[in-house]
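Trainee: Could you have a look at this structure, given as structure tokens, before my questions?
FYI, it's all coordinate maths here, none of it is from the lab. Since the model is a prediction, treat every value here as computed from it, not as a measurement. Quick reminder, even Gly has a Cβ in these numbers, built from the backbone with ideal geometry, and neighbours come from all protein chains shown.
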Amino acid sequence: MTKSELIARLAERFPQLVAKDADFAVKVILDAMSAALARGDRIEIRGFGSFALNYRPPRTGRNPKSGEKVQVPAKYVPHFKAGKELRERVDLPAA
Amino acid sequence: MTLTKAELADLLFDKVGLNKREAKDMVESFFEEVRTALETGDSVKLSGFGNFQLRDKPQRPGRNPKTGEEIPITARRVVTFHASQKLKSTVDATQNGNVR
């Protein structure tokens with residue numbers, strides 16, 4: 001499912017709204033989630049999951065082409081942990 | 001500060017002009033549509049944000065950490081999230097000041 005498919009499905013669920021509202025709503029939600037992570041805030045959606053930043057310490061890497069050593073600075077990367085409901089719904093039916 | 005469904009609904013009320021009820025329902029529906037897609041085995045690609053993908057993990061040996069007893073961890077399907085290059089660089093650009 002792509003973003004435009006998601007927008008179409010939401011527009012179908014809300015026939016009283018104009019199609020543009022679903023489009024704008026998805027943009028507002030995703031922008032707010034990106035901005036929260038950029039600020040270093042967590043996102044917690046009950047039944048879906050949580051997003052947080054994971055710290056990656058600085059390390060010495062290598063340029064794979066030249067074999068030259070390069071310092072890779074510390075950074076933060078977004079991390080998602082699925083919530084209980086999502087985990088259970090996605091899992092294969094018990095054999 | 002933690003971003004939750006309540007804050008997202010407030011934003012839809014303020015910015016999109018949905019009423020309180022619609023805003024709350026829209027946030028709930030947004031995550032429900034993503035869950036439904038994943039539940040049916042479909043991956044979800046939200047350009048500019050990231051992709052949710054499914055991984056089938058085979059059964060592997062595990063251990064009860066309390067008793068040391070060996071018990072197999074059953075085969076399962078799990079969700080993984082890969083942040084888009086755009087989200088990664090936005091986070092990195094804003095967080096860099098905090099790291100150094």
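Trainee: Over all residues in A:33-45, what is the mean tally of Cβ atoms on other chains that come within 10 Å of each residue's Cβ?
Mentor: 6
Trainee: Please identify, among A:53, A:30, A:17, the residue showing maximal mean-square fluctuation in a Gaussian network model of chain A using a 10 angstrom Cα cutoff.
Mentor: Fluctuation is largest for A:17.
Trainee: Once a ≥ b ≥ c are taken as the square roots of the eigenvalues of the Cα gyration tensor of segment A:29-95, is the result rounded (a/c under 1.5), prolate (a/b larger than b/c) or oblate (a/b not larger than b/c)?
Mentor: oblate
Trainee: OK, next. Which FRET efficiency value, to the nearest 0.05, do you get for residue B:66 and residue A:84 by plugging their Cβ-Cβ distance into 1/(1 + (r/R0)^6) with R0 = 25 Å?
Mentor: Between residue B:66 and residue A:84 the formula returns 0.70.
Trainee: At each listed q (0.10, 0.12, 0.20 Å⁻¹), what is the log10 of I(q)/I(0) that the Debye formula gives for chain B modelled as equal alpha-carbon point scatterers?
Mentor: -0.51, -0.69, -1.07
Trainee: Suppose R0 equals 30 Å. What FRET efficiency, 1/(1 + (r/R0)^6) with r the Cβ-Cβ distance, do residue B:40 and residue B:89 give to the nearest 0.05?
Mentor: 0.40
Trainee: Report, as an integer, the average count of C-beta atoms from other chains found within 10 Å of each Cβ along A:10-20.
Mentor: Shielding by partners across A:10-20 averages 2.
Trainee: For n ≥ 4 DSSP H runs only, could you compute -39500 (n - 2.57) per run for chain B, divide by its residues and tell me the 222 nm figure to the nearest 500?
Mentor: -13500 deg cm²/dmol
Trainee: Let me ask another. Trypsin sites (Lys or Arg not before Pro), restricted to segment A:32-86: which are DSSP loop and have at most 11 other Cβ atoms within 10 Å?
Mentor: Listed in order of number, the matching sites are A:65.
Trainee: Using the number of other C-beta atoms within 10 angstrom as an exposure proxy, rank A:14, B:49 with the fewest first.
Mentor: The order, fewest Cβ neighbours first, is A:14, B:49.
Trainee: Put +1 on the Cβ of every Lys and Arg and -1 on every Asp and Glu Cβ in the protein assembly as shown; which of B:82, B:16, A:28 then has its Cα farthest towards the positive end of the dipole?
Mentor: Selected residue: B:82.
Trainee: I need the calculated FRET efficiency for the pair residue B:2 and residue A:55, taking r as the beta carbon distance and R₀ as 22 Å, to the nearest 0.05.
Mentor: It comes to 0.80.
Trainee: When the Karplus curve 6.51 cos²θ - 1.76 cosθ + 1.60 is applied with θ = phi - 60°, which whole-Hz ³J(HN,Hα) does each residue of segment A:26-35 get, with x for Gly and Pro?
Mentor: Coupling constants for segment A:26-35: 5, 5, 4, 5, 5, 5, 5, 5, 4, 5 Hz.
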